[in-house]
Amino acid sequence: MKPNDAVIQVSDLSLYIDTTILDHINLSIPRGAVVGLVGRNGAGKSTLLRCMVGLTEPTQGAAKLLGCPALDLSDPVRERLGYVAQTPDLFEWMEVHEHLRAIGRAYPRWNEERCLVLACRLGLPMGGRVKNLSVGDQQKLAVVLALAHDPDVLLLDEPVSNLDPMTRNEFMRSLFVDRRLGEETDERGVLDAERTIVISSHLLSDLERVVSHVAFIRQGRLQLFEAWDAMLEHFRLIPQPGSDLPRAAVVCQNPAAAQCVIDTRLAPVWADKGRALSLDELFMELNS
């Protein structure tokens, strides 16, 4: 994929505030991708998402959304963007229904019926003030606000951490259903039917069911970015081998457990000598 084909493009992005928070991140996310952003607490996931949407200015490098610089997003690009922060930034003094209408007026594509259906699916209480909502219900409100205008690009920072399993399932469904089927086109006359999603979450079993790609980040560095199907097909956990394994084939090593993860595309003879990993297991190996 050429950089110009990327819906989200991060180029040599670094951020230093007393210490290194992000370290030379390069990432090209294609249209329609569902990217799981995975890393330990403090790895830089939230900061990277904030840089992607232009809320944090990097020390060097840049991010682009839909070809537009993140620090200078045009109104048409903002209208196609949905973002949920780890801690929702809400108008606490408003009634819930007032909050929804207030934000809705800012988006030409806001759909009142869609908004109410989403609120119902997630079990969002519509009465009372936002400040009186539980943490989980505030998270539901933030999700509805991000989805009700049917965005083409969604960036979500731990959006389901305070939701129960049933509500998490409804949320995941809402990411992929009810895409607009009308004749609207962008300024180039192109219909954007595919939604591009970047979602940070510690609930890896939820992510594993929906992602097309996974980006692993550790201590501000991008460890690995790959299609999840390719990881399932080609990554294998094997006992620590001898010197006959090409060094380039080693994805990561776990000396304490005397094992390593290899990419069998670079070592075909090992393809049948290990086992595939779940997303949770791969995360553990990369952070061992």
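Below is a table of values for the structure above.
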| read-out | value |
| --- | --- |
| Residue pairs meeting the criteria (Cβ under 8 Å; at least 6 apart or on separate chains; first at negative phi and surrounded by fewer than 14 Cβ atoms within 10 Å (Cβ to Cβ), in the stretch 11-32; second part of a strand (DSSP E or B) and among the aliphatic types (A, V, I, L, M)) | ASN26/VAL10; ASN26/LEU13; ASN26/LEU222 |
| Meets criteria (closer than 30 Å to GLY61 by Cα, touching a residue at least 24 places away in the same chain (Cβ under 8 Å) and surrounded by 15 or more Cβ atoms within 10 Å (Cβ to Cβ)) for ARG218 | yes |
| Selected residue [under 19 Å from THR167 (Cβ atoms), out of contact with any helix residue (DSSP H, G or I) (no Cβ under 6 Å at 6 or more places or on another chain) and surrounded by 14 or more Cβ atoms within 10 Å (Cβ to Cβ)] from VAL135, VAL117, VAL144 | VAL117 |
| Filter result for the condition that a residue is more than 15 Å from LEU147 (Cβ to Cβ) and at pLDDT 90 or above, over ASP75, ASP89 | ASP75 |
| The one condition in (1) more than 17 Å from the chain's Cα centre (by Cα); (2) over 22 Å from ARG218 (Cα atoms) that TYR83 fails to fulfil | (1) |
| Number of the condition not met by ASN162 [criteria: (1) within 16 Å of the chain's Cα centre (by Cα); (2) at pLDDT below 90; (3) of a type outside the set (Lys, Arg)] | (1) |
| Which numbered condition ALA227 misses (of (1) at pLDDT 95 or above; (2) crowded, with 17+ Cβ neighbours inside 10 Å) | (2) |
| Filter result (part of a loop (DSSP other than H, G, I, E, B), free of Cβ contacts under 8 Å to residues at least 60 places away in the same chain and surrounded by fewer than 16 Cβ atoms within 10 Å (Cβ to Cβ)) within the stretch 43-68 | LEU55, GLU57, THR59 |
| Enumeration of residues in the stretch 69-94 that are of a type outside the set (A, V, I, L, M) and surrounded by fewer than 16 Cβ atoms within 10 Å (Cβ to Cβ) | PRO69, ASP72, SER74, ASP75, PRO76, THR87, ASP89, PHE91, GLU92, TRP93 |
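The values are calculated or read from the model by the stated rules, or taken from the named source; none is laboratory data. Keep in mind it's a predicted model, so treat the numbers as computed, not measured. Here the Cβ is made from the backbone with ideal geometry for all residues, glycine too, and neighbour counts use every protein chain on show.
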